[in-house]
Every structure is written in structure tokens, then in C-alpha cells.
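These notes concern the structure reproduced below.
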Amino acid sequence: MSLAPEVALAIDRAVDGAEAELGALAQRIHANPELRFEEHQASAWLSEFVGAHGHTVERGVAGMPTAFRARSGQGSPRVAILAEYDALPGVGHACGHNLIAAGAVGAFVAAASVVGKVGGEVVLLGTPAEEGGGGKITMIDAGVFADIGAAMMFHPFDRDLLAHRALASVWVTFEFHGKPSHAAIAPHSGHSALTACLDTFRLVDGQRVHFRDGVRVHGFVTDGGQAVNIVPERAACEFSARALTSAELDRVRGIVERCARAAAMASDVEVKMQVRHGYRDMVNNMSLARCFGAHAEQLGRRPRETDDSIGAGSTDMGDVSHVVPAIHPWLAIVDAGAAQCHERRFAEAAGGESGTRTAMVAAKVLARTAIEYLADAGLREAVSAEWSARAR
Ligand SMILES: [Zn+2]
């Protein structure tokens, strides 16, 4: 590890110096949960904190009122620290994004206090709507990541992990159009849209033997016909598919679409498809994740590299990880197995003392990792080499 001890110490002191403010910020956001794209108070409070520490904050990044950005240092290399701050309906901050926010702004301010010593630039990105809105995807499309060398964030969890999988996901809607006729007087003149719709499910089920491990395909009928005595003119269904990799997801989506086309052909009806993209899988850059892990260990945490025994969700950080090398490590705010993200007990922990303590550690570890990335050309080479060699 090439981060000078006095630089690490300066980072830790900067975070410690802001501890009271950061704790209050985490708790204020927790007490005022805001849903995706409506994080007006949280983004304002976070921007105020960063501004009070002497940085200019750009609001409304990528056309999203609750996205923001701040920069410190100059030129390349550039490293981004990402904040999330949206909450969930009903259960509030049960994903602990208030801690992601406090950890990220704390990390930025601390990294900014030493970036002049190592050169390069630290960029803070406030990213809205992780819970189903995909704010990071809008930022990718707007070119926000174009000049970024690596991106990082942390997420609260029930254990310390350097990397965990996130499933790639997609929604596909099928609309079938047939020919109506009287179901009793002239069934022979109709073409049933419903038959094609139901055949799609049967054909998809038949293809499951060809799915790789981790694939999920599940659907429901959204329109099953118009009346009992009419051969259904219209029918529709929706499928969601998930997979461990984007490549497998594309393959499985292709199979599902093929089934719908085959079913439509068998019934001689038309089918229209609509694809709505979810999030991409997470490509964890282990060279950078291990750097995060080494700093976490220095601060008394014991992260495992990964843990296949626990389930996975999806995140728009996955999309970021396909654009620049990225990490999404996890730090515990509860004992392993005690509570999981999106549960009320997890929300309690995110608003309590253990949550704040973890956010402080996260701020230090993220800042140290960001500064080491800027300072160490060898680390940057390893990160890029792993990135170039990734499966696509
Ligand atoms: Zn989350």
C-alpha cells in the first residue's frame, strides 16, 4: 500500500473533525425520508454541508433537480465518490441511503483536504433515485462519467464484504392482437390472442432447462380477453427476467421473445413487444476493492471478499460499473443475519448509533481509497488492466 501514513492520518482527522455534523446530517435525512427524485431536502442539506466546507456545489446535474456534483483538485486522474439519499415507500430509510450520503460527503471533504498533496481530482456525485429510478443511468447518458477514472461508494449491510453480485434485470411486455369472433356461433373464424398469450408462458417454462444458474423469469397476464363469448381479440402479459450477467440476461430475453413470437405464429395473431431496461449486473473491480479492504482492516473492520450464501438485488451502480471501474463494498450496521436491507429493523439501525459509526468508518476508508487511487500509478494500472480484461 502506498498511501503515506501522514496522509491517511490527515484524512482520518478530517473525518473525525466533522463527526458531529455528519452524524446530525445522517439522522436528519433519516428522519425526513424522501422517495426517488423527490430528495429535495436531502440534496440541499448535503450540498450545504459540502458548501460550508469551502466547495462549490453544482446542483441539477444531468437535468435532475436532486442530483449534484462537487470537485476538488485539478486535472487527471479523476476519482468519483458517489452518494445516494433516496428512501423507500412505507419503510423509510430501510436501505440506509442516509448513511451512504453522510459517508460520501464526509469522504469527499476529507479527501479534498489532502488532494493537493497527490494531484488529480476528487469528484463528489450526488445520485438520485437508486430505488427504481436509475439516476446514475441518466448521469451516465449525460456524460457525467466520461472523464472519471474510477467510481466508488459504500452500502450498509449486515456484514462487511468487499464485493457482492447484483443481478441484471429487464422487463418485457407482450401485446397480442387476434381476430374476434363469436365463441359459440363461429369459433372457426376467430384467432385467439389469449391462446398465444398463454402459450408464451408454456413455451418459456419449457426453456427453463436451458437457463444458467441464477436466472429468474417470472410473468403475469395483464389482459386476458374481453368477454366469455368472444374469441379474445386482445391479450397481454408482462415478464421480468434477471440474470447474473448482462450477457446471460440478453440471451434469456432473446429466448422469452422467441417464445412469444412462436406462440403468436401458432395462433396466427400479431405480437408487439416492449422492453424496459432495469439495472445492469455489478462488475466489482477487485484491485480497487482490495485497496478499500486494506484500509478497512487498518480501521478495525474484517471484510470478507465476497459471500455467496446471501441473496442479491439490483443497483444502478451496476450500470456505472460497465462504464468505469467501480466498487460497491458493504459495511455492517447490524450483526450478520439480524436484519436485512428493506426491513424495519434495518431502518432502525440506519438511524441509530451503529449506523453513524459505520458511516464514519466508510468516510475514512473511501477517502483513503480515493486518494490512494490518485497517488499510486501502479494501483491505477492494476485497476485498468482488470477493467480491460473483464467479461463483456
Ligand atoms: Zn440500497
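The values are calculated or read from the model by the stated rules, or taken from the named source; none is laboratory data. Being a predicted model, the structure only gives us computed values, none of them experimental. Cβ coordinates were reconstructed from backbone atoms using ideal geometry, including for glycine residues, and neighbour counts include every protein chain displayed.
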Q | When residues of region 278-295 are limited to those that are farther than 14 Å from Arg165 by Cα and in contact with a Ser or Thr (Cβ under 8 Å, 6 or more places away or on another chain), the one surrounded by the most Cβ atoms within 10 Å (Cβ to Cβ) | A | Leu288
Q. Among the charged types (D, E, K, R), surrounded by fewer than 23 Cβ atoms within 10 Å (Cβ to Cβ), away from the ligand (no atom under 16 Å from the Cβ) and in a strand (DSSP E or B) - does that describe any residue in region 304-315?
A. yes
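In the list Ala227, Ala236, Ala263, Ala243, which residue meets the criterion of being among the aliphatic types (A, V, I, L, M), within 23 Å of Gly313 (Cα to Cα) and out of contact with any Phe, Trp or Tyr (no Cβ under 6 Å at 6 or more places or on another chain)? So that I can check it myself, show each step before the final result.
Details: Ala227 fails: within 23 Å of Gly313 (Cα to Cα); Ala236 fails: within 23 Å of Gly313 (Cα to Cα); Ala263 fails: within 23 Å of Gly313 (Cα to Cα).
From the options Ala227, Ala236, Ala263, Ala243, the qualifying one is Ala243.
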Q) Counting only residues that are within 16 Å of the ligand (Cβ to nearest atom), assigned to a loop (DSSP other than H, G, I, E, B) and either on the phi > 0 side of the Ramachandran plot or among the β-branched types (Val, Ile, Thr) (or both), how many does region 316-350 have? A) 3
Q: Tell me, please, whether a residue that is surrounded by 23 or more Cβ atoms within 10 Å (Cβ to Cβ), modelled with pLDDT under 95, in a loop (DSSP other than H, G, I, E, B) and out of contact with any Gly (no Cβ under 7 Å at 6 or more places or on another chain) can be found in region 243-258.
A: no
Q: Test Ala80 against the criterion of being more than 15 Å from the ligand (Cβ to nearest atom), touching a Leu at 6+ places or on another chain (Cβ under 9 Å) and hydrophobic (A, V, I, L, M, F, W, C), and give yes or no.
A: yes
Q: For residues that are over 30 Å from Pro329 (Cα atoms) and either among the basic types (Lys, Arg) or surrounded by 18 or more Cβ atoms within 10 Å (Cβ to Cβ) (or both), tally how many sit in region 202-223.
A: 5
Q) If you check Glu381 against the conditions, is it at pLDDT 95 or above and over 21 Å from the mean Cα position of the chain (by Cα)? A) yes
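Please determine whether any residue of region 92-110 is within 16 Å of the ligand (Cβ to nearest atom), part of a loop (DSSP other than H, G, I, E, B), over 22 Å from Asp16 (Cα atoms) and in contact with a Cys (Cβ under 6 Å, 6 or more places away or on another chain).
The answer is yes, given that some residue of region 92-110 is within 16 Å of the ligand (Cβ to nearest atom), part of a loop (DSSP other than H, G, I, E, B), over 22 Å from Asp16 (Cα atoms) and in contact with a Cys (Cβ under 6 Å, 6 or more places away or on another chain).
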Q | region 319-342: number of residues that are within 11 Å of His164 (Cα to Cα) and not aromatic (Phe, Trp, Tyr) | A | 3
Q. In region 68-90, which residues are among the hydrophobic types (A, V, I, L, M, F, W, C) and surrounded by 20 or more Cβ atoms within 10 Å (Cβ to Cβ)?
A. Phe68, Ala70, Val79, Ala80, Ile81, Leu82, Ala83, Ala87
Q | Search result, residues across region 1-54 that are outside any helix (DSSP H, G or I) and more than 23 Å from the chain's Cα centre (by Cα) | A | Met1, Ser2, Leu3, Ala4, Ala18, His53, Gly54
